[in-house]
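The structure appears below as structure tokens.
What follows draws every value from the coordinates through simple rules; no lab data is involved. All values reported here derive from a predicted model rather than from experimental measurement. Every residue, glycine as well, gets a Cβ built from its backbone with ideal geometry; the counts of neighbours run over all protein chains shown.
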Ligand code: KIV
């Protein structure tokens, strides 16, 4: 069953946690979809996690389109969300053009970073029938890769709560809360009727999102994430074993090899002799 916004909103009403993971390629998209992940999310974290960029501001529309198309091919049921990269939503006109590009390439909705200043963009996209997911708290495009916790003081907590309400009022269908204190995330979750998706925002959000690399064990361990395997170690070991086996001749073996039938080989050898 294809998951849509109504499905995700029903999950909030029924207090069933919404599962979200970033995804950057086709095979991972197939696995996430098969595992029943609700939202497969092509995040602009592709820049630092896959493309070797220093930060999110280097990610372009072309980068996002390339990865969106790969992920699209692997997703059947999940809701497919894509990030608007840095500067792609600087003004309303540009945001509409870029969001429409993503939708025409198979995204179900777009996510954009920022607080109340993004209200006009969210309103305009909503008027154009485009699902938007807001993103407040730590915004990597604005604050950089080093994340600090938001919502520790009264004034900052109030600003976050007001920003979330304004974005929801403007038509946002989902909202990511990144690196926000659990108490403030809970207030936002309880007061909005759209689902909140937390990352480093505690246990009370309607759903959780993590970067796929962080659950697989690619890169350093992070407080807000959990490693479910040690991909870096396992992959490094596999690469070393492959290198050693090629160097020693242990790979390939006969099992990895194809043969020409003996009668055809005899004929080939005779022909070869006759040419010399
Ligand atoms: O790009 C990203 O990975 C994000 C996070 C919220 C997961 O925006």
Fluctuation leader among 118, 243, 173 - the chain, Gaussian network, Cα springs under 10 angstrom
243
Ranked 57, 275, 93, criterion: other C-beta atoms within 10 Å, fewest first
275, 93, 57
Ascending count of other beta-carbon atoms within 10 Å, so fewest first, for 61, 31, 84:
31, 61, 84
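Residue separation times 0.36 nm, minus the C-alpha to C-alpha distance between residue 235 and residue 60: what's the value?
60.1 nm is the gain from fully extending residue 235 to residue 60.
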Given points 7 Å out from each Cα along the Cα-Cβ axis, report the residue 100 to residue 276 separation in nanometres with one decimal.
6.8
Rounded, prolate or oblate, given the Cα gyration tensor of the stretch 5-229, with a/c below 1.5 counting as rounded?
rounded
For the chain, find the longest principal axis of its Cα atoms and tell me its angle to the long axis of helix 262-275, 0 to 90°, nearest 10.
70
Placing one identical point scatterer on every Cα of the stretch 46-151 and ignoring solvent, what is log10 I(q)/I(0) from the Debye formula at q = 0.13, 0.24 Å⁻¹?
-0.47, -1.40
Determine, for 63, 38, 77, the number of other Cβ atoms within 10 Å of each Cβ, and report the residues in order from fewest to most.
77, 63, 38
Point-to-point label distance, residue 73-residue 244, nm (Cα→Cβ direction, 7 Å offset)
3.5
Compute the distance from the alpha-carbon center of the stretch 229-261 to that of the stretch 55-126, in whole Å.
40
With n ≥ 4 as the cut-off for DSSP H runs, can you work out [θ] at 222 nm for the chain, using -39500 (n - 2.57) per run divided by the number of residues, rounded to the nearest 500?
-13500 deg cm²/dmol
Cα convex hull of the stretch 8-98, projected area averaged across orientations, nm²
6.6
Once each part is reduced to its C-alpha centroid, what is the distance from the stretch 24-47 to the stretch 146-181 in angstrom?
25
Please compute the modelled spin-label separation between residue 228 and residue 34, points set 7 Å along Cα→Cβ, answer in nm with one decimal.
1.4
Stretchable slack from residue 269 to residue 1, in nm (0.36 nm times residue separation minus alpha-carbon distance)
90.6 nm
